[in-house]
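I have placed the structure first, in the form of C-alpha cells, so that the comments after it can refer back to it.
The values are calculated or read from the model by the stated rules, or taken from the named source; none is laboratory data. Just so it is clear, the structure is predicted and the values come from calculations on it, not from any experiment. Note that each Cβ is placed from the backbone with ideal geometry, even for glycine, and that neighbours are counted across all protein chains shown. Heavy atoms of the whole protein, side chains included, go into the accessibility calculation; ligands, DNA and RNA do not. Shrake-Rupley method; radii C 1.70, N 1.55, O 1.52, S 1.80 Å.
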Amino acid sequence: MDSTLMIIIGCIIGLAIGFGIAKFLEKKSSSSFIANAKKEAASISKEAATIIKDAKNNAESIKKDKILQAKEKFLELKAEHEQVILGRDKKISEAEKRTRDKESQVSNELSKAKKLKEESESKITDYNNRIDFLDKKQQEIDKLHKSQVEQLEVISGLSADEAKNQLVESLKAEAKTNAMSHIQDTIEEAKLTAQQEAKKIIINTIQRVGTEEAVENCVSVFNIESDDVKGRIIGREGRNIRALEAATGVEIIVDDTPEAIILSCFDPVRREIARLALHKLVTDGRIHPARIEEVVTKTTKQIEDEIIEVGKRTVIDLGIHGLHPELIKIVGRMKYRSSYGQNLLQHSREVAKLCGIMAAELGLNVKVAKRAGLLHDIGKVPDAESDLPHALLGMQWAEKYGEKEEVCNAIGAHHDEIEMKFLLSPVVQVCDAISGARPGARRQVLDSYIQRLKDLEEIAYGFGGVKSAYAIQAGRELRVIVESEKVNDEMAATLSFEISHKIQTEMTYPGQVKITVIRETRAVNIAK
C-alpha cells in the first residue's frame with residue numbers, strides 16, 4: 001500500500017517536473033519565433049512600400065496615356081459629328097429648295113387651271129347659246145319641210161311614204177346593177193394587178209420542183225429463178241403457202257406465169273413484208289411453216305425499223321427539226337401508202353418543197369411551211385379505222401404531239417373541213433392541189449372523172465336563162481351558153497360570178513375551174 005502510494009506520488013512529481021520543463025521550452029521557442037516574425041514583417045513592409053510606390057508611378061503614367069487617348073478619341077468623334085451635322089444641314093437645305101420649287105410650280109398650275117376654268121365656263125356659255133339658236137333654227141326648218149312635203153303630196157297625188165317606197169324600189173334595181181358592175185370592175189382591176197404576180201409565184205414554184213411520176217398498184221411481182229421454186233413455196237398439200245398467207249395477210253397467187261409469183265394485198269406494208277420474207281426463204285432454201293413464221297417476224301421488225309429510218313431521213317432532208325418520234329414514224333409509213341396511185345411520201349415531200357418555195361416568195365416562215373406541207377396528209381395512214389376525214393384526223397394527231405396552232409390549222413383546213421385562220425393554210429391547200437393536179441401524178445377512176453364533169457354541167461343548168469353548158473379541158477373550164485332574150489350583158493357577168501361561187505362551195509376538184517358565159521344575138525333574114 002505504501003509502495004503503491006509512493007509510486008503514484010513519484011509519477012505525479014514526474015509529471016509536474018515534465019510539465020514545467022515543457023512550459024519552459026515552449027516559452028523559449030515562442031520568444032525566438034516572435035523575434036523572427038518581427039524581422040520578416042519589417043522586411044515585408046519595406047518591400048510592400050516599394051511595390052506601392054512603383055504601382056503609384058505606373059498608375060500615374062497609365063492615367064496620363066489614357067487621358068491623352070480619350071482626348072484624341074473625343075476630337076475624332078467631334079469631327080465626325082460635325083460632318084454628319086453638315087450633311088444633314090445640306091440635305092435639309094436641298095429639301096427646302098425642292099419644296100419651294102414645288103410650291104412655285106403648284107401655284108403656277110393653280111393659276112393656269114383657274115384661267116382654263118374661266119375660259120371653259122365662257123365657252124360653255126357660248127356653246128349653250130349656240131345650241132339654243134340651232135334648236136330654234138331646226139324647228140323653223142322642220143316647219144318649212146313639213147309645209148313643202150304637204151305641197152308636194154298635193155301636187156303629185158302621193159303620200160310621202162308611197163313616194164319613198166317607189167324611190168327605194170327604183171334605187172334597189174339601179175344599185176344592184178351598179179353594184180354588180182362595180183364588183184366586176186373591181187375583179188378585173190384586181191386581176192390586172194394581182195394575177196400576174198400570182199401566176200409568177202405559182203409558175204416559179206412549179207418549175208423549181210421536179211419529181212418523178214409514182215403509181216402504186218395493189219399487186220407486187222416476185223421474180224424467181226426457175227419454176228421449181230414454186231413447188232417448194234406451195235409445200236406439201238399447200239401448207240407452206242397457207243402458213244405464209246396466214247402470217248403476212250397477203251394473197252399469194254401462183255399461176256402459169258413463168259418465173260414469177262404475184263402478191264396481192266391493198267396494204268403495201270404487208271406486201272413488202274411478204275416480198276422480203278419470200279426473198280429470204282428462197283435464198284436460204286429452208287421453207288417450212290416454223291421457218292416461215294420466224295422469217296416473217298424478223299422481216300416485220302426490219303420493216304418497222306426501216307419506216308423509222310425513212311421518217312428520220314425525210315425530215316433531215318427537208319431541214320425539219322424537233323418533230324415528235326410518233327410523227328416521224330407516221331411520215332415513214334407514208335412510203336407504203338398511195339393516194340389515187342400517187343405515192344403518199346413523195347407527194348408529201350413535194351408539197352413540203354412547194355410550200356417552202358411559195359412561203360419564201362410571200363415572206364412567210366419557210367421552216368413552218370415545210371413542216372405543215374410534210375404533215376398535211378398524215379391522217380391517211382391511221383393505225384385503225386376512223387370515221388373522221390383524213391384532214392381532221394391529221395390535225396388531231398398534230399395537236400396531240402405538240403405542233404403549233406398554225407401547222408394544225410393548215411393540216412385541218414387543206415380540204416376546207418374547218419375555217420382557215422392563218423395565211424399558211426391556203427398556201428398548203430394550193431401546194432397540195434399543184435402536186436395532185438400535176439399531169440401524171442395521179443390515176444383517177446374514169447367513172448369519178450365523168451361524174452365530176454356531169455356535176456359541173458348540172459350546176460350551170462340550175463340557173464335561169466342557161467341554154468346549154470359544156471365542161472371542157474378535163475373539167476378545168478365550163479362554157480355556159482345563155483339565151484340572149486332572157487339574159488343581158490350585165491346579168492351574164494352576174495351569172496358567171498354566181499356559178500363560180502356555187503362550184504367553190506359544192507364541189508371538190510383539183511386546180512381551178514374557169515367559167516365562161518357566152519351570150520350572142522343573131523339576126524337572120526332570107527333574101528328571095
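The figures follow:
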{"quantity": "Inverse of mean 1/r across different Cα pairs in the range 372-425, Kirkwood, Å", "calculated": "10.8"}
{"quantity": "Gain on full stretching of the segment that runs from Glu76 to Glu96 - 0.36 nm per residue minus C-alpha separation", "calculated": "4.2 nm"}
{"quantity": "Accessible area of the range 225-265 belonging to carbon and sulfur atoms, whole % at 1.4 Å probe", "calculated": "44"}
{"quantity": "Dimensionless Rg ratio for the range 327-370, taking C-alpha atoms and the 2.2 N^0.38 Å reference", "calculated": "1.30"}
{"quantity": "Compactness of the range 221-355 - radius of gyration and Dmax, Cα, Å", "calculated": "17.5, 56"}
{"quantity": "Using a Förster distance of 60 Å, the FRET efficiency for Gln166-Ser226 (Cβ separation, nearest 0.05)", "calculated": "0.05"}
{"quantity": "In nm, spacing of pseudo-spin labels at Lys39 and Ile62 (7 Å Cα→C-beta vector)", "calculated": "3.6"}
{"quantity": "Stretchable slack from Glu109 to Glu498, in nm (0.36 nm times residue separation minus alpha-carbon distance)", "calculated": "133.4 nm"}
{"quantity": "Under 28 Å from Lys298, Cα to Cα: lysines that are on another chain or at least 8 residues apart", "calculated": "Lys230, Lys280, Lys312, Lys329, Lys335, Lys380"}
{"quantity": "Point-to-point label distance, Gln151-Thr521, nm (Cα→Cβ direction, 7 Å offset)", "calculated": "4.4"}
{"quantity": "Peptides 462-468, 145-151 ordered by average Cβ neighbours within 10 Å, highest first", "calculated": "462-468, 145-151"}
{"quantity": "Hull volume in cubic angstrom per residue (convex hull over the Cα atoms of the range 311-403)", "calculated": "98"}
{"quantity": "Solvent-accessible area per residue for the range 53-189 (1.4 angstrom probe, square angstrom)", "calculated": "93"}
{"quantity": "Projected label distance in nm at Leu453 and Leu25, using a 7 Å step from Cα toward the beta-carbon", "calculated": "16.5"}
{"quantity": "Carbon/sulfur fraction of accessible area - the range 58-177, other protein chains in place, 1.4 Å, %", "calculated": "57"}
{"quantity": "Ser181 accessible area, assembled protein chains, probe 1.4 Å, Å²", "calculated": "50"}
{"quantity": "Full-stretch length increase - Lys329, Ala49 - with 0.36 nm per residue and alpha-carbon distance subtracted", "calculated": "89.8 nm"}
{"quantity": "Orientation-averaged projected area, Cα convex hull of the range 59-128 (nm²)", "calculated": "5.9"}
{"quantity": "Lys301/His279 FRET efficiency (R0 25 Å; Cβ-Cβ; nearest 0.05)", "calculated": "0.95"}
{"quantity": "Along principal axes, Cα extents of the range 254-330, largest first, whole Å", "calculated": "49, 27, 19"}
{"quantity": "Per residue, in Å², the accessible surface of the range 317-375 once ligands and nucleic acids are set aside, probe 1.4 Å", "calculated": "37"}
{"quantity": "FRET efficiency estimate (nearest 0.05) - Cβ-Cβ, Lys136 to Glu309, R0 60 angstrom", "calculated": "0.10"}
{"quantity": "Rounded percent of accessible protein surface that carbon and sulfur make up, the range 316-414, 1.4 Å probe", "calculated": "48"}
